[in-house]
Each structure stands twice: as structure tokens, then as C-alpha cells.
Amino acid sequence: MAGNSQRRGAVRRSGSKKGPQVGSGGQRRRGLEGKGPTPKADARPNHKAYKSDKPADKRSQGRPVHRKKSASTEVVAGRNSVLEALRTQVPVSTMFVASRIDADDRIREAVQIATSAGIPMLEAPRTELDRLTDGAVHQGIAVQVPPYDYAHPKDLIDSSAPGTPLIVALDSITDPRNLGAIVRSTAAFGGHGVVVPARRSAGMTASAWKTSAGAAARLPVAQAPNLTRALEDYRKAGFFIVGLDMDGDVALPGFELATSPLVVVVGSEGKGLSRLVRETCDQIVSIPMSSSVESLNAGLAAGVTLYEIARLRGA
């Protein structure tokens, strides 16, 4: 009996506040330990960034995933702009025409050109045209221009075009109208292609296409990730690299390298040739001008130079 009472007393004491307590098994100590750095938002399942980072969840399986339109896709809006784009062979993927549009001669000609060229035409409400053109004045018609399919700079080396190779490279020219004018002049004077840098340079937008007056459909335009490296590759292939600048080593009328395989580098009107590109050139050529004129527009300078090269080659 005494033993039993002692055990009962022990049980009572263990349940009291002052008696021995049940241990935590080390949980409290582990709870105080650090858990490492906080994971990034897109790695935490309960964070909204985790869900948005996934391409699709269970609800979207079997359904099309709608993504934003590529930034390189361009929309040309307005009756005059659309008609001019179609006349100059700007590559158009789709033409949108407003429902119940008041057709005039421009609309009728645009529809006729699109039909002849096999361009898909969609009738769209004006609210959809407002959204497509981002609120621009579209006058009930717009066309979508797909991203330009650039050639590789080395493709111009293997060009099958007749005559002595002639390539034009652009350095820091950001106006697409200058690019279009240079493409037009290059095609007119027997050039084999144009090279533009991938960054900080004008690209083949609809504006460049229109300025080229259709020449962009016949002449390849290449895009170089690194213009200096592309120029060095051309030199290894047997080209002379010639830069245009006001302070040139040689004046254009005395340009003796004109009959050799050439890459003519045209710099921007304000900054001219960049330092690395200038150091890559074999020769710097200047165009003689009246002292009252500081410089020529890049497109004009390229046209004058290409004409003189064609003349010296006997073309």
C-alpha cells in the first residue's frame, strides 16, 4: 500500500507546476536555429510570382496560352501609310479593314494590291483597330508587318551577285529612313548587301522598307551581333574596310581602292565613326565639300560614295 501511495504521489507531483516537466525533445532548440536565406519570390509556392513564372498551370492544360505580341512586330495605320507600304512591297502578313468603312480610291487600291499579293484581309470593328494600333489614327485600315528576316554577315561574302564585292556597313545610324535610303543606293550602284549592328542601330522597320522604295525586297540586309568583329571577318575574307569621315586620309576622287572588294562603313551624321570601328578601317575617305556645308546626311554621303565607286569601276 505504501508503495502504491508513493507512486500516486509521484504522479500528482509530476502534474504540478513545480514538478518535473515533459521535455521538448530538442524541438525548442531546433526552432531557434536559422533556416538559411529567404527563397526568392518565384521559388515560394504560396507567392503570386511562383504561379506567374510558370508557363501554364493545371487550369491552362489543353488550352492555348495567350502571350503578348512580339515587340518586333509592327503595325502601319492610316490610308496613305498603308497604301504606300503596299506599293513599296513592304512585307505584310495581314491587313485589317474596319467594318462598314467608307471606301475611297486609296482603300480600293489597297484592297486590290493585297488581293493580288495574296495578303490575308480581316474585317475588324473599330474598337479592335483602336486596340491593334494603340490608339493611333488608323482611318479604318491597318496592316501588320512581321519581324524582318535578317541575313548573316557571312552570307554576304558568299553572295552570287555579279561584279566586284561591295558591302555597306552602318555604324550607329539610328534613323530607319537613313537605313532605307542606304539600302536603295546600295542596290542602285551594284552593292551586294548592307550590314547593321544588332544594338544601337536602326532596323528594317516599315519606315526603312518604304524609304528603300522596294530595294529591300531584292538586297539582303544582315545583322551583326558585333560590328567590329564582322568587319575583321570581312578583312580575313579579302575585303578592304573603308570608313567615311570628314577628316579622311584620302579624298573620294582619288580613291584607288575602289576597284577592290570593299566594305564601306558609314557613321552617324553627328558622331561619325566609333573609335573601334575607325581603328578597324584600312582607310578613311572623305567627300570634298564647300566650306559652307559642315556635313552630309548619312544617306546622301553613302549615295555619293557608292556612285563614285561605281563610276571608278566602270559600271
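The values are calculated or read from the model by the stated rules, or taken from the named source; none is laboratory data. Just so it is clear, the model here is predicted, and its values are computed rather than measured. Backbone-built Cβ (ideal geometry, glycine too); neighbour counts: all protein chains shown. Surface areas here come from the heavy atoms of the whole protein model, side chains and all, with no ligands, DNA or RNA. Shrake-Rupley method; radii C 1.70, N 1.55, O 1.52, S 1.80 Å.
Brief remarks on what is shown
- Out of ALA77, ALA98, ALA114, sole residue that is more than 28 Å from the chain's Cα centre (by Cα) and of a type in the set (Gly, Ala, Ser): ALA98
- Only one of the listed residues (VAL277, VAL266, VAL304) is outside any strand (DSSP E or B), open to solvent by less than 50 Å² (accessible area, probe 1.4 Å) and of a type outside the set (Gly, Ala, Ser). That residue is VAL277.
- Candidate set from segment 91-108 (those that are at pLDDT below 90 and under 10 Å from GLN139 (Cα atoms)); member that is least open to solvent (accessible area, probe 1.4 Å): ILE101
- Tabulated pairs, segment 194-220, first under 21 Å from LYS271 (Cβ atoms) and hydroxyl-bearing (Ser, Thr, Tyr), second assigned to a loop (DSSP other than H, G, I, E, B) and open to solvent by less than 10 Å² (accessible area, probe 1.4 Å), C-beta under 9 angstrom, 6+ apart or interchain: SER201/ILE173
- Residue match in segment 213-234 (condition: over 16 Å from LEU156 (Cβ atoms), part of a helix (DSSP H, G or I) and in contact with a helix residue (DSSP H, G or I) (Cβ under 6 Å, 6 or more places away or on another chain)): yes
- Segment 246-263: number of residues that are touching a Pro at 6+ places or on another chain (Cβ under 6 Å), surrounded by 14 or more Cβ atoms within 10 Å (Cβ to Cβ) and within 13 Å of THR305 (Cα to Cα): 0
- With respect to the stated conditions, ARG177 is closer than 30 Å to ILE241 by Cα, touching a residue at least 24 places away in the same chain (Cβ under 8 Å) and surrounded by fewer than 19 Cβ atoms within 10 Å (Cβ to Cβ).
- For segment 189-244, taking the residues that are β-branched (Val, Ile, Thr) and in contact with a Phe, Trp or Tyr (Cβ under 7 Å, 6 or more places away or on another chain), the one that is surrounded by the most Cβ atoms within 10 Å (Cβ to Cβ) is identified as VAL221.
- Qualifying positions in segment 144-163 - open to solvent by 50 Å² or more (accessible area, probe 1.4 Å) and either of a type in the set (Val, Ile, Thr) or over 30 Å from PRO120 (Cβ atoms) (or both): LYS154, ILE157, ASP158, SER160, PRO162, GLY163
- All conditions but one from (1) closer than 19 Å to ALA198 by Cα; (2) in a loop (DSSP other than H, G, I, E, B); (3) open to solvent by 50 Å² or more (accessible area, probe 1.4 Å) apply to ASP134; the one that does not is (1).
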